[in-house]
Amino acid sequence: MREHLFDGESLLTLVSLNKADPRSSWSCGNASPALCDPHEWKDCKMQPQNRPATRAQAKQRARELRAELKSNGEDISHAQSLERVAQQLGFRDWNTASALLSNVPELPFHVGDEVSGVYLKQKFTGGVLAVRNLNDGNAFDLTIHFDEPVDVVSWESFSSFRQRVTVKVNAQGVSWAKTSDGEPHIRVTPISSQIV
């Protein structure tokens, strides 16, 4: 079982493509790689905050590049677009890029995400303090800090409040651990992400 710990620093390696301002993605200032002179690709690399970190992100960028070039009248194959993206990322070719790009799956949860859900039948909102990827993206340890403490006891004459919990959940945010009546301990859903 491989485990990956994602904290504030390593989150920089898990970035998504910035759709809001594509011009900010390229060091040469062009709006897209399609507008870069192919002989200047070494000077036209993606900025670190927009650089694909996984093979899946690089392949998605290649599909976008191919569509962009096609709309500008240049028709290239998918293989050619993969090669161009690899060069823009600073790799010799797609085989090298494919071997060196992380194959870690996209995570549904990130440190800093705002989340909501139900914990022991009590609704909550809160923030993700830590994420540990278990089983190659099929399970996660989440540490969640609730905005308001949650009463974890259902008995009326006794209360016990928790404000921070660490739970194991699947990729959909549902825990395997269940209460005595069969309800999952937690169901958690991201409501906003701090990753740009």
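Structural remarks
- In region 114-125 there is at least one residue that is surrounded by fewer than 14 Cβ atoms within 10 Å (Cβ to Cβ) and part of a strand (DSSP E or B).
- If only residues of region 94-135 that are among the acidic types (Asp, Glu) and closer than 21 Å to ARG162 by Cβ are counted, the one that is modelled with the lowest pLDDT is ASP113.
- SER159 vs. criteria without any contact (Cβ under 8 Å) to a residue 24 or more places away in the chain, surrounded by fewer than 14 Cβ atoms within 10 Å (Cβ to Cβ), in the same structural domain as TYR119 (by TED's automatic domain parsing) and of a type in the set (S, T, N, Q): yes
- A count restricted to region 82-100 and to residues that are surrounded by 18 or more Cβ atoms within 10 Å (Cβ to Cβ) and not charged (D, E, K, R) stands at 9.
- From ASP113, ASP93, ASP75, residue being of a type in the set (D, E, K, R), at negative phi and touching a residue at least 60 places away in the same chain (Cβ under 8 Å): ASP113
- Note on region 77-87: residues that are in a helix (DSSP H, G or I) and hydroxyl-bearing (Ser, Thr, Tyr) amount to 1.
- Residue within region 93-109 that is acidic (Asp, Glu), within 30 Å of ARG66 (Cα to Cα) and in the same structural domain as LEU65 (by TED's automatic domain parsing) present: yes
- Of note, SER175 does not satisfy the criterion of being exposed (fewer than 15 other Cβ atoms within 10 Å of the Cβ), at pLDDT 90 or above, of a type outside the set (Val, Ile, Thr) and on the phi < 0 side of the Ramachandran plot.
- Filter result for GLY137 (under 24 Å from ALA56 (Cα atoms), free of Cβ contacts under 8 Å to residues at least 40 places away in the same chain and not in a strand (DSSP E or B)): yes
- Residue check, VAL111 β-branched (Val, Ile, Thr), buried (at least 16 other Cβ atoms within 10 Å of the Cβ) and touching a helix residue (DSSP H, G or I) at 6+ places or on another chain (Cβ under 9 Å): yes
- VAL111 being more than 30 Å from SER180 (Cβ to Cβ) and assigned to a loop (DSSP other than H, G, I, E, B): yes
- Applying the condition of being in contact with a Ser or Thr (Cβ under 6 Å, 6 or more places away or on another chain) and buried (at least 18 other Cβ atoms within 10 Å of the Cβ) to region 57-75 and asking which residue is farthest from LEU89 (Cα to Cα) yields ARG66.
- Any hit, region 181-190, residues being under 22 Å from the mean Cα position of the chain (by Cα) and hydroxyl-bearing (Ser, Thr, Tyr): yes
- Residue check, GLY90 in the same structural domain as ARG61 (by TED's automatic domain parsing) and either within 21 Å of ALA56 (Cα to Cα) or not in a loop (DSSP other than H, G, I, E, B) (or both): yes
The values are calculated or read from the model by the stated rules, or taken from the named source; none is laboratory data. Small disclaimer: the values here were computed from a predicted structure and weren't measured. No Cβ is skipped: glycine too gets one built from the backbone with ideal geometry, and neighbour counts run over all protein chains shown.
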